[in-house]
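Some notes on the structure that comes next.
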Amino acid sequence: MFWNPSIIGIDIGHHSVKAVVLNQKKERLELFAFTEAVLPASVINDQHSVNTSALLSVIRKLKKNLPFGARKVALALPDSAVISKVIQLDTNLSDEEAEFAVAQALSASSPFPVEELRLDFFPLSPSAEALGAVVTAPYQIIAARKDAIDSRVDTIKKAGLTPKVVELQTHALLWLAEHTAEHAILQELWGIVDVGKRQTEFCIKPSGAAAYHREMAFGTSHIGIADGAEIDDLQVFSPDPAQAEFFTKQLADQLKRQLQLYNSTHPRSPMKGIWLCGGSQHVVLDELLGRLLNIDVQWMNPFRYFPCSTKLGEIADNSFYSQYAVATGLAIRGIAE
């Protein structure tokens, strides 16, 4: 009677699928389980659709390590798979008229036909119509190719799970950042840098402003072993100190430009530090990165502020689970739905 269903955050990356299960008891979110399964090569194509048969096999394997009865899932799309646009709409339009106006605005800028997209839109400011005024107001449009969404959703359904939320990956990270800052009682502003296999994301949410996000085509796949070969499994690869230092310096060069741009556009919202996340704990030297950027840098343990069983806590209580950041943020988002 008083049991709340669990929410599973599932992060489908290029290297693996991560799942985090949270449950809400009264005012607290509790960590129930987390697990990861490595993906075969070429599961995600350049258009962000997934190979459903290959992914289904991995999801079913993952499901065996999830609590019995956990069914509801929150998923993420990479930001590069999403078209984001702000338009002005007449607040006096009906729902049907607003949908038509959004489709028209999107068709003028989208590289894909509107018929191939799934879209959503919402006002960015309180409705002027509620105040009795007939004016225009800014609306946020979010759209993505149907194949990119449906291939993920269909796979989750075939695995016997129930997709409830499809969120942007950046938003998942920001949900986690908000939860972490709240429980750490931080007054300063911190951003998140997610270092992935093929790309790195930087995002931050200044108070009273829209989320700031940048995506860089730089990731751990840039590390070469012999003759520039790509590293497929960072879990079994331990770079020598020189490799780790070189990659950290490359990452710093990428981030310096993004931090300079952020500081120039948000001078009143200075950033105190950066949380690092992603499966690159063995190749990014946080202390060196902090010195190069002249800012506090810490690896994020996404499970730190979630109570859990003693046995699970012994496993989760270290900084080498930062690859679960997106999945944890998705689970938080799913609970809030």
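The values are calculated or read from the model by the stated rules, or taken from the named source; none is laboratory data. What you see is a predicted model; the values in this text were computed from it and never measured. Here Cβ is always computed from backbone atoms with ideal geometry, including for glycine, and neighbour counts include all displayed protein chains. Protein only, heavy atoms only, side chains kept; ligands, DNA and RNA dropped before computing areas. Shrake-Rupley method; radii C 1.70, N 1.55, O 1.52, S 1.80 Å.
Here are the numbers:
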quantity: Count of the stretch 278-337 residues which are open to solvent by less than 20 Å² (accessible area, probe 1.4 Å), among the hydrophobic types (A, V, I, L, M, F, W, C) and closer than 27 Å to V165 by Cβ; calculated: 10
quantity: Of all residues making up the stretch 134-147, the number that are in contact with a Pro (Cβ under 9 Å, 6 or more places away or on another chain) and surrounded by 20 or more Cβ atoms within 10 Å (Cβ to Cβ); calculated: 1
quantity: Any strands (runs of 3 or more DSSP E) falling wholly within the stretch 1-102 and containing at least 3 residues that are open to solvent by 50 Å² or more (accessible area, probe 1.4 Å) and at negative phi; calculated: 28-38, 82-90
quantity: Which numbered condition I335 misses (of (1) farther than 19 Å from G13 by Cα; (2) among the β-branched types (V, I, T); (3) over 19 Å from the mean Cα position of the chain (by Cα)); calculated: (3)
quantity: Matching residues in the stretch 282-337 - criterion: being within 25 Å of E27 (Cβ to Cβ), small (G, A, S) and part of a loop (DSSP other than H, G, I, E, B); calculated: S309
quantity: In the stretch 112-135, the residues that are in a loop (DSSP other than H, G, I, E, B) and at pLDDT 85 or above; calculated: F112, P113
quantity: Selection status of I156, part of a helix (DSSP H, G or I), more than 25 Å from S280 (Cα to Cα), among the β-branched types (V, I, T) and modelled with pLDDT of 95 or more; calculated: yes
quantity: Number of the exception - L261 against (1) closer than 25 Å to Y212 by Cβ; (2) aliphatic (A, V, I, L, M); (3) crowded, with 16+ Cβ neighbours inside 10 Å; calculated: (3)
quantity: Which numbered condition A252 fails, given (1) modelled with pLDDT of 95 or more; (2) small (G, A, S); (3) in contact with a Ser or Thr (Cβ under 8 Å, 6 or more places away or on another chain); calculated: (3)
quantity: The stretch 172-198 - residue that is part of a helix (DSSP H, G or I), open to solvent by less than 40 Å² (accessible area, probe 1.4 Å) and hydrophobic (A, V, I, L, M, F, W, C) and, of those, nearest to L330 (Cα to Cα); calculated: A172
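Matching residues to (1) in contact with a Ser or Thr (Cβ under 9 Å, 6 or more places away or on another chain); (2) among the aliphatic types (A, V, I, L, M); (3) under 25 Å from H14 (Cβ atoms):
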position: A101; (1), (2), (3): no, yes, no
position: V114; (1), (2), (3): yes, yes, no
position: V135; (1), (2), (3): yes, yes, no
position: D147; (1), (2), (3): yes, no, yes
position: V166; (1), (2), (3): no, yes, yes
position: A172; (1), (2), (3): yes, yes, yes
position: L176; (1), (2), (3): yes, yes, yes
position: H179; (1), (2), (3): yes, no, no
position: E182; (1), (2), (3): no, no, no
